[in-house]
Amino acid sequence: MTAARRILFVCMGNICRSPAAEAIFRHRAAAAGIAFVVDSAGTGGWHEGEPPDPRTQRVLRDHGVTPVGTARPVRPSDFDRFDLLIAMDRDNRDGLLAAGADPAQVRLLLEWHPERRGEDVPDPYHGGADGFLHMYRLIDAACAALLAELVARKP
């Protein structure tokens, strides 16, 4: 992987996991003083134009992270616009590949998690607050490691 500076985080509806990853990564990169182009999208368009789920917003704010963005679907132009397409789970990774994304640019977020390497980030949408906290912790740990790896690489 080259030094990616344009990252798209992807989940199913773009209201829980991927906007959380976008906000957490932005927060960590800003704290480190490093510029990245970061966005999020969903493989489905059901929630297009909606803000992140209120439970996602709550868990982010509880950890000092500002929620960002509105839901949108992945577009074919994203495959050229972004260096990395980071899926929250295997189903969304497979959806990106089926839509024509270059396999070299598609990864699972938890490939960077120190203890859950390569697992899926569980979708908390149909559950309670505990699921959103678990989601936050997984994404935060993986984003910290992802940022460290990208910073260590020369552009």
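No lab work stands behind these numbers, since they all come straight from the coordinates. Computed from a predicted structure; not experimentally measured. All Cβ positions, glycine included, derive from the backbone under ideal geometry; neighbour counts span all protein chains shown.
Among G118, P51, I24, whose Cα sits farthest toward the positive end of the charge dipole of the chain (+1 at Cβ of Lys/Arg, -1 at Cβ of Asp/Glu, about the Cα centre)?
Value computed over the given set: I24.
Please identify the DSSP H helices in the chain that span no less than 27 Å along the helix axis (Cα) and have a mean Kyte-Doolittle hydropathy of 1.0 or more. Working shown, then result.
Working: long enough: 129-152 (35 Å, 1.15).
The answer, listed by residue number, is 129-152.
Report the local net charge at D39: Lys and Arg +1, Asp and Glu -1, summed over other residues whose C-beta lies under 13 Å from its C-beta.
+3
Restrict the search to the range 71-155; then list the GluC sites (Glu not before Pro) that DSSP places in a loop and that have at most 16 other Cβ atoms within 10 Å of their Cβ.
E115, E119
Just A32, A23, A87 to compare: in a GNM of the chain, with alpha carbon springs under 10 Å, which one fluctuates most?
Highest fluctuation of the listed residues: A32.
With just the Cα atoms of the range 11-119, tell me how far they stretch along each of the three principal axes, in Å, largest first.
That works out to 36, 31, 26 Å along the principal axes.
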